[in-house]
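The values are calculated or read from the model by the stated rules, or taken from the named source; none is laboratory data. Here the structure is a predicted model, which is why all the values come from computation and not from measurement. When we count neighbours, we look across all protein chains shown, and the Cβ atoms used for this are built from the backbone with ideal geometry, even at glycine.
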Amino acid sequence: MKKEILIGLILVLVVLAIVSIYYINQKEDLDRIPQPLRCSVDSDCVKYEGCCDCNHGGEATAVNVEFSNNFAKDCFGMACPAVISDDPSCFAIPKCVNNKCQLINE
């Protein structure tokens, strides 16, 4: 009887250790994502276009909505082509994928 209890306790400890390691690894993965790209839900993400937007030969990226105003456009003196971009990012939708804002073509 005591042997069975001991085995049960060991199994519980092993399961707790595995679960703890899993959650620690998830936190480390989240820490590797730069803050302006982190998200929890799709609505956390917005499409951001740089100095040359998609209507002027540029491309887009996805960022966290809270940081979208932090990307100052220092575009003085920059010339953009007078062409609509066909870059796939221009037609993509911002989504939260694995806690990171990304542009997804649907």
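Okay, here's what the table says:
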item	result
Pairs where the first residue, in segment 59-88, is assigned by TED's automatic domain parsing to the domain that holds ILE104 and surrounded by 10 or more Cβ atoms within 10 Å (Cβ to Cβ) and the second is assigned to a loop (DSSP other than H, G, I, E, B) and polar (S, T, N, Q), C-beta under 6 Å, 6+ apart	PRO88/ASN105
Positions within segment 45-99 being of a type in the set (S, T, N, Q) and at negative phi, in sequence order	ASN55, THR61, ASN64, SER68, ASN69, ASN70, SER85, SER89
Residue within segment 45-56 that is at pLDDT 95 or above and out of contact with any Ser or Thr (no Cβ under 8 Å at 6 or more places or on another chain) present	yes
Among (1) loosely packed, with under 15 Cβ neighbours inside 10 Å; (2) among the charged types (D, E, K, R); (3) at pLDDT 95 or above, the one test that ASP31 misses	(3)
